[in-house]
Amino acid sequence: MNASGRLAKESAERALWLMHGGFLAVDRAWRIIFAHPDAERLLAPSRQLLGQVLWDAVPALRSPGMEEACRQAAAEGRPTELDIRSDTGRRLHVRLAPLPDGLTLGITDISSTRRRPAEAKEAVTEGTAVERTMRTVELTRALAGAVTGHDVADVMATHMVPLFGAKGVGVWAHENGRAFLMGSAGHSKESLRRFEGTRIAELPASAQTFIEGTLDFISSAEEFISRYPALADLPAASGAQAWAVLPLIASGRTVGASCVTYDRPHAFSNEERTLFTAMSGMVAQAMERARLYDAEHRRAQEFQRGLLPRHLPALPAVTTAARYQPTGDGTDVGGDWYDVIPLSAEQVALVIGDVMGHGLSEAVTMGRLRTAVRTLADLEQPLDECFFHLNEVVSGLGDDFYATCLCMVYDPASRMCQAITAGHPPPAVLRPDGTSYFPDLPVNSPLGAATPPFDTAEFSLPDGTLLALYTDGLVESGGLDIDEGMGRLARHLHPARPQEAETLDDLCDRLIATLLPGRRSRDDSALLVARTHALAPEDISCRQLDDDPTAAGQARAHVRAQLAAWDLDELIMTTELVASELVGNVVRHARGPITLRLLRGRTLVCEVADASPAMPRIRRAADTDESGRGLQLIAAVTSRWGARYTGSGKCIWTEQPLPTGPLGERVSYESA
């Protein structure tokens, strides 16, 4: 039996011991798992009943039709009543009530044919005992399965209110000296939210007593007002006329309070008071477990948020939106991740990955991989080189770690996209004309199991193309295989209402709601959508230079003419210096052909490409050195600079911020 089952059984037994009457409870194997002393007295005063098979332990139950009635009641789930005679000759009335895991027997002595009125009233009360027993067991089982504080409040509303024939219930949790409403039923939350977040110590004395949950049973509105004058308006606001105020105490500490209300005056019997007290202890234990779960849940959410991007960057090349959906088993951390990484020349890398499994260790591995991807992207290594190093990272974690990953690098100047996958499903692509497809990418094994080299693919993307990168948890949910799920994803990329504009955030929400009904999945899932925006031709200027000392002069002339055409006269002098220095380095230390390119986007980008793979590096020049200061000068006059490999050599690039307008705003040259 698991922990929840043991708790339910122990709680039910504590509650039943506090009730009057002869009760037996048996499991599915007909072994007696609970025996009230009254039942032992009536049936077998000299026998040990617990653990025995019902028919063997109680000879009276072997009477004709008794075993058949028990089995039929358990099989059909329908209460049954019949009379039997005990070994001592007493006539007994037996009520059979089925439970999810067995059967209860309520036993009443009806030997006397002429009972006094008080006894007759007691017999009527006993008639409701079996139903109360069933509701008590159901309540304890539900409390054992409650996970969050809101679950506990829902269980009380669903089970405790009908158990006591009450009108409603309110449940508060105490955290750091403050009261927070976890849930209510039967009356407006507005009448109870007056305590929400308030510091209990700052409330009037009588209000403190109420919200702290000092055990109290109040039979009328007049008695409530006299007991809690600071809350004199509460009876009218809530519509309640009687109250059972219960403290929720676990491990000697008050974890909350509960209030069960009635819609008319109610005199609480001793049995009700005793049962309320027992129930409050069980609710308190459930609240304490829920408090620990809620705290762990918050930490898990904070941890996951810290590993994933808090905000996606606003870039001219793409508009993006993303969602992460944890698995439906209550684990809120996992190994799925996504990222949008700005690169040089307005390029952007779209990354999505999935560490096999879900949990804390997978989330930590995901954090390592995401950091490694960003580091390698900053170095601007070729995609196959990046994945070579990522494979080494995952392999170094051990034989039990595997991850899939998809990376796409989009160049808004050429509208070309380079993609690589390691065991990850391909992206869904929706063209501006409304057709969709999945690119045919080379198959590479998952990271940690791959054998380099990694193969890449390159294809063009029309301006305005929609990309959807996802993990398998999004497309393998709901009993669908991955091919069916991918087909559904591609179909739902189209706007639900073509005549209405849909933002990418709205698209993400719609895809999650459609592909993950109820937002529950057997696996974590991540979704990253992006719409491409190509640079306008008028924002790109490219010039092939001669491979000789005249190249620097040609570069300066091109810079002057182009920046003047772009109304960027403020940047002419600096850009001339940068272009002249970069071209001079190629002439002296590398080889042609030499290409100068200017891009006008978020910043002014100046690039010089050559055919040499040798990368430049900054070094400290001595006082007598005649060279070695060029890159230091470039770093001083630009906001960023770097180098990347190309198919024919390398490219050195620099960025300069665009000038600001008269009111200090940055002038934007992004194309529509």
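The values are calculated or read from the model by the stated rules, or taken from the named source; none is laboratory data. What you see is a predicted model, and the numbers here were worked out from it, not measured in a lab. All Cβ positions, even for glycine, are placed from backbone atoms using ideal geometry, and neighbour counts span all protein chains on display.
From the list LEU215, LEU192, LEU139, the lone residue that is at pLDDT 85 or above, out of contact with any Lys or Arg (no Cβ under 6 Å at 6 or more places or on another chain) and not assigned by TED's automatic domain parsing to the domain that holds THR104 is LEU215. For CYS407, state whether it is at pLDDT 95 or above, in contact with a helix residue (DSSP H, G or I) (Cβ under 8 Å, 6 or more places away or on another chain) and under 30 Å from ARG600 (Cβ atoms). Against the criterion (at pLDDT 95 or above, in contact with a helix residue (DSSP H, G or I) (Cβ under 8 Å, 6 or more places away or on another chain) and under 30 Å from ARG600 (Cβ atoms)), CYS407 qualifies. Considered as a group, the residues in segment 449-480 that are among the hydroxyl-bearing types (Ser, Thr, Tyr), touching a residue at least 60 places away in the same chain (Cβ under 8 Å) and surrounded by 19 or more Cβ atoms within 10 Å (Cβ to Cβ) include one that is farthest from ALA526 (Cα to Cα), and that residue is THR465. Right, ASP87: in contact with a helix residue (DSSP H, G or I) (Cβ under 7 Å, 6 or more places away or on another chain), assigned by TED's automatic domain parsing to the domain that holds VAL26 and either modelled with pLDDT under 80 or surrounded by fewer than 15 Cβ atoms within 10 Å (Cβ to Cβ) (or both) or not? Taking the combined requirement at face value, the residue satisfies it.
Okay, residues lined up against (1) without any contact (Cβ under 8 Å) to a residue 40 or more places away in the chain; (2) of a type in the set (Asp, Glu); (3) within 20 Å of ASP339 (Cα to Cα):
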residue	(1), (2), (3)
GLU392	yes, yes, no
GLY396	yes, no, no
CYS405	no, no, yes
VAL443	yes, no, no
LEU447	no, no, yes
ILE482	no, no, no
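Evaluating THR327 against the criteria (1) under 24 Å from LEU139 (Cα atoms); (2) touching a Lys or Arg at 6+ places or on another chain (Cβ under 9 Å) leaves one unmet condition, (1). For ALA97, the conditions (1) under 23 Å from ARG135 (Cβ atoms); (2) modelled with pLDDT of 80 or more all hold with the exception of (2).
Condition first: surrounded by fewer than 16 Cβ atoms within 10 Å (Cβ to Cβ) and either within 39 Å of the chain's Cα centre (by Cα) or not assigned by TED's automatic domain parsing to the domain that holds PHE195 (or both). Now tell me which residues in segment 264-281 satisfy that. Selection gives THR277 alone. Scoring TYR293 on the criteria (1) closer than 30 Å to TYR410 by Cβ; (2) part of a helix (DSSP H, G or I); (3) of a type in the set (Ser, Thr, Tyr) leaves a single failure, condition (1).
For first residues located in segment 230-255 and over 12 Å from PHE210 (Cβ atoms) and assigned by TED's automatic domain parsing to the domain that holds MET282, partners that are hydroxyl-bearing (Ser, Thr, Tyr) and assigned to a loop (DSSP other than H, G, I, E, B) and lie 6+ apart or on another chain with Cβ distances below 7 Å form the pairs GLN241/SER220; ALA242/SER219; ALA242/SER220. Have a look at LEU598, LEU571 and point out the one that is modelled with pLDDT of 90 or more, in a strand (DSSP E or B) and surrounded by 17 or more Cβ atoms within 10 Å (Cβ to Cβ). Of the residues listed, the single one that is modelled with pLDDT of 90 or more, in a strand (DSSP E or B) and surrounded by 17 or more Cβ atoms within 10 Å (Cβ to Cβ) is LEU598.
Every condition in (1) without any contact (Cβ under 8 Å) to a residue 60 or more places away in the chain; (2) assigned to a helix (DSSP H, G or I); (3) buried (at least 20 other Cβ atoms within 10 Å of the Cβ) is met by ALA144 except one, and the failing one is (1).
If you go through segment 348-369 and keep only what is surrounded by fewer than 21 Cβ atoms within 10 Å (Cβ to Cβ) and under 30 Å from SER414 (Cβ atoms), you end up with nothing.
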